[in-house]
1. Do you know which of the residues in the range 10-61 that are among the β-branched types (Val, Ile, Thr), away from ligand 1 (no atom under 16 Å from the Cβ) and in contact with an Asp or Glu (Cβ under 9 Å, 6 or more places away or on another chain) is farthest from Thr213 (Cα to Cα)?
2. Go through the range 63-87 and report how many residues are buried (at least 16 other Cβ atoms within 10 Å of the Cβ) and either among the acidic types (Asp, Glu) or under 22 Å from the mean Cα position of the chain (by Cα) (or both).
3. When you go through (1) surrounded by fewer than 18 Cβ atoms within 10 Å (Cβ to Cβ); (2) out of contact with any Pro (no Cβ under 8 Å at 6 or more places or on another chain) one by one for Lys193, which number turns out not to apply?
4. Quick one: Glu121 ticks every box in (1) in contact (Cβ under 8 Å) with a residue 12 or more places away in the chain; (2) in contact with a strand residue (DSSP E or B) (Cβ under 6 Å, 6 or more places away or on another chain) except a single one, so which number is it?
5. Take residues that are aliphatic (A, V, I, L, M) and at negative phi and tell me which of the strands (runs of 3 or more DSSP E) falling wholly in the range 140-257 contain 3 or more.
6. Pairs please, first residue from the range 244-271 and under 19 Å from Ser27 (Cα atoms) and among the β-branched types (Val, Ile, Thr), second anywhere and modelled with pLDDT of 95 or more and away from ligand 1 (no atom under 13 Å from the Cβ), Cβ atoms under 6 Å, 6+ apart in sequence or on different chains.
7. Can you pull out the residues in the range 188-208 that are under 21 Å from Thr245 (Cα atoms) and over 16 Å from the mean Cα position of the chain (by Cα)?
8. If you go through the range 258-267 one residue at a time, how many are closer than 20 Å to Asp110 by Cβ, in contact with a helix residue (DSSP H, G or I) (Cβ under 6 Å, 6 or more places away or on another chain) and in a loop (DSSP other than H, G, I, E, B)?
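The values are calculated or read from the model by the stated rules, or taken from the named source; none is laboratory data. As the structure is a computational prediction, the values presented were derived from the model and not from experiment. Positions of Cβ are backbone-derived with ideal geometry, glycine not excepted, and every protein chain shown enters the neighbour counts.
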Amino acid sequence: MLKKVAAINDLSGVGRCSLTVAIPILSALKVQCCPFPTAILSSQTDYPEFTFLDFTKEMDEYRNVWKRLHIDVDCIYSGFLGSIEQIEIVSNFIKETNTSLVVVDPVMGDNGSLYSTFTEEMCYKIKDLVKHSTLITPNLTEACILTKKEYHHNYSRLELINIAKDLSNLGPLNVVITGIVEGDNILNLAYNKSSDEAYFTSVKYNNRSYSGTGDIFTSIICGLLTNNYDLNFAVETATKFIYKTINYTSQFNTDRNDGVMFEMFLGDLISL
Ligand SMILES: Nc1ncnc2c1ncn2[C@@H]1O[C@H](COP(=O)(O)OP(=O)(O)O)[C@@H](O)[C@H]1O
Ligand SMILES: Cc1ncc(COP(=O)(O)O)c(C=O)c1O
């Protein structure tokens, strides 16, 4: 039997992010992705134009039907959440589900600031989700917001490990901080609270940012952990996969909003 992941995120028609990447990546990693949409968009929100259908009103009933159908999931994976109400629905889903893996990508901001849709109250509520998770994957901005640290890229590796420890003290057993720039490289830091082990991955950084790389990253980690792979292997695999897709995509003159051509490399994940 394949394991099931409830993937709570928006569905954007174009932009290769959120559910549009989570579904194929989890499938390639041989877990069943059960999408739990939060909103439906024509195009992700960085495009000059997009439609936005908020799914909040449907979410409680969607969950109730799963309960009546006795759908048991092996992992809950949540990404971008657009309102206090959505955060509360996801918190309740986590609290009433008996699953050993809860992956929360605390999507709140980037490049040192909160996204414009994000309020202080939402940050506070996100902490409740983090508290009940087993793994979080904040970028450095989100890691600093959650630990009330100043955002900059001059933290030493030891200081970064201490930030990861502070995050694990908020609740999760595993913390992965993404998008840390160190000289010409981009790092990810994986920290496991029970072993007190920290692990860095590092690849060359070409200074380019594409839509959805954080979603691809967390989807790979989520799929691998659901199938009982080790955290460090999962972070290494996700780092190398994105590096490869970015190098491939950068050869073409594409819009960053279109995301990366991960479809070309899904075979790497299928063969794991
Ligand atoms: N230009 C790049 N070169 C290599 N890896 C990258 C690049 N951009 C992103 N990544 C990889 O994708 C991961 C997630 O990207 P990041 O921008 O931190 O996500 P988010 O969208 O959550 O802010 C990074 O930690 C890194 O491993
Ligand atoms: C609705 C929406 N817009 C935009 C994005 C792209 O965000 P970024 O460019 O920071 O990856 C995402 C990513 O999940 C999204 O869900």
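1. Filtering first and then ranking leaves Thr56.
2. Initial filter on the range 63-87 (buried (at least 16 other Cβ atoms within 10 Å of the Cβ)): 63, 66, 73-83, 86-87.
Cutting the leftovers down to either among the acidic types (Asp, Glu) or under 22 Å from the mean Cα position of the chain (by Cα) (or both) gives us 63, 73-83, 86-87.
The total comes to 14.
3. (2)
4. Condition not satisfied by Glu121: (2).
5. Details: elements: 174-182, 185-192, 197-204.
So the answer is 174-182, 185-192.
6. Listed pairs, sorted by first residue: Thr245/Phe265; Ile270/Ala28.
7. Phe200, Thr201, Ser202, Val203, Lys204, Tyr205, Asn206, Asn207, Arg208
8. 1
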